[in-house]
Amino acid sequence: MANSNQIPHSEYLAKSPRGTTEALGQSEVFLAFQENLSKVAPINRPVLLIGERGTGKELAALRLHYLSKRWQNPFVTLNCSALSPSLIESELFGHERGAFTGAAQQRTGRFEMADQGSFLLDEIGNIPLEAQEKILRVVEYGTFERVGSSKPIETDVRIIAATNIDLSEKAEKGFFMKDLLDRLSFEVLYLPPLRARKEDIVLLANHFAARMAFEMGKEDIPRLSRKALDSLLSYPWPGNIRELKNVVERAVYRAQSVEINTIVFNPFSDPYLPSEQKEKTEGEKILSAPLSRISPEDDKPEKTFDETVWDFKVKLLESALEEAKFNQKTASQILGLTYHQFRALYRKYHKGITI
């Protein structure tokens, strides 16, 4: 296997174990991210990847691994959100036979599997504090014990952590160890959302369309019409690249000709709803409840444009928070925003919020 250092940034295709090639782009923001990733890859220190859902955190972790000196050794992953707290320690560190009910035989943990390689802890914010303490010990001393054993096991692992939540805020609230966060954040890389790299949308869409056509055994490569491209370029992509892939593949599958004219963003649109309800966009549905509580009389004509926009955004935040009973994650969903987007707005406008 050739080292990925030979692949130019602008043509980079991150190959996962399943053969997918979806981390590609040519926008400045994408290339800047890849350059920063390439710079830290050879440094044998933990890296924290932060990005919204669907931005390609696992592919970024793969590139970190294949550009490092560990590229010929194991690349191990664990989705921390997919396991119950009682199972995480066993998955991370392994267990001895009889360590707990159901432990019929000795099991090797992920840290042991990843020895001399890289270990991606995906959605690391979901790991319970007890397990965080043991991970901190691995980071600091390179040793751990299997569940049910007191015998130390040495391991040499480069940890790559990934999350879509604000770990700093979680640490401030006591739900994430500050010491562990300090150790994991030698370098913190933010993956650019798709809306910040619009120059890549057409490139990615054509890539997904061609691959879907090949999978379906179609002889001709699909063409996206101007109308279809305009729809893709004007959409905010809350689900990022994963959502774009799904939307384009659906369009290719449903297309009756080589040219694709129809793009369906929401496959859950009920065809039996009254026409006036079907005309609402998803964003309008999400915002209708908060907006209905905002009285136009509150916007005085003597205010400047910027002041009016400021007040309007404050009222949107207030209304969403009130409806969500002040749960910020729920409020972000009401407004059709990611949690990070909501937090950024809240930090900017919180002084004007009076509820």
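The values are calculated or read from the model by the stated rules, or taken from the named source; none is laboratory data. No experiment lies behind these values; they were computed from the predicted model shown. Every residue, glycine among them, receives a Cβ derived from its backbone with ideal geometry; neighbour counts consider all protein chains shown.
Overview of results
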| item | result |
| --- | --- |
| Candidates A82, A114, filtered to the one that is surrounded by 13 or more Cβ atoms within 10 Å (Cβ to Cβ) and in the same structural domain as E140 (by TED's automatic domain parsing) | A114 |
| Odd one out for R107 among (1) closer than 30 Å to G239 by Cα; (2) in contact with a strand residue (DSSP E or B) (Cβ under 9 Å, 6 or more places away or on another chain) | (1) |
| Residue count, segment 219-242 (criterion: of a type in the set (K, R), touching a residue at least 24 places away in the same chain (Cβ under 8 Å) and more than 30 Å from I43 (Cβ to Cβ)) | 2 |
| Selected residue [of a type in the set (D, E) and either more than 14 Å from A131 (Cβ to Cβ) or at pLDDT 95 or above (or both)] from E91, E58 | E58 |
| Selection count where residues are buried (at least 21 other Cβ atoms within 10 Å of the Cβ) and out of contact with any Phe, Trp or Tyr (no Cβ under 9 Å at 6 or more places or on another chain), scope segment 242-254 | 1 |
| Selection within segment 37-67 - over 17 Å from L184 (Cα atoms), touching a residue at least 60 places away in the same chain (Cβ under 8 Å) and in a helix (DSSP H, G or I) | Y66 |
| Residues satisfying the stated conditions in segment 181-228, i.e. loosely packed, with under 13 Cβ neighbours inside 10 Å and either of a type in the set (G, A, S) or touching an Asp or Glu at 6+ places or on another chain (Cβ under 9 Å) (or both) | E215, G217 |
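Conditions tested, residue by residue: (1) among the hydrophobic types (A, V, I, L, M, F, W, C); (2) buried (at least 19 other Cβ atoms within 10 Å of the Cβ); (3) in contact (Cβ under 8 Å) with a residue 24 or more places away in the chain; (4) in a loop (DSSP other than H, G, I, E, B).
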position: L121; (1), (2), (3), (4): yes, yes, yes, no
position: I135; (1), (2), (3), (4): yes, yes, yes, no
position: V138; (1), (2), (3), (4): yes, yes, yes, no
position: S149; (1), (2), (3), (4): no, no, yes, yes
position: A161; (1), (2), (3), (4): yes, yes, yes, no
position: S168; (1), (2), (3), (4): no, no, no, no
position: D179; (1), (2), (3), (4): no, no, yes, no
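One line per residue, one yes/no per condition, for (1) assigned to a loop (DSSP other than H, G, I, E, B); (2) in the same structural domain as V248 (by TED's automatic domain parsing); (3) not charged (D, E, K, R):
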residue	(1), (2), (3)
A210	no, yes, yes
A213	no, yes, yes
K218	yes, yes, no
S231	no, yes, yes
W237	yes, yes, yes
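Yes or no, residue by residue, for (1) at pLDDT 50 or above; (2) within 24 Å of the chain's Cα centre (by Cα); (3) assigned by TED's automatic domain parsing to the domain that holds R53; (4) of a type in the set (G, A, S):
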| site | (1), (2), (3), (4) |
| --- | --- |
| P296 | no, no, no, no |
| K313 | yes, no, no, no |
| S332 | yes, yes, no, yes |
| Y346 | yes, yes, no, no |
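Table: residues versus (1) outside any loop (DSSP other than H, G, I, E, B); (2) of a type outside the set (D, E).
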position: K69; (1), (2): no, yes
position: N73; (1), (2): no, yes
position: S81; (1), (2): yes, yes
position: E89; (1), (2): yes, no
position: L92; (1), (2): yes, yes
position: D115; (1), (2): no, no
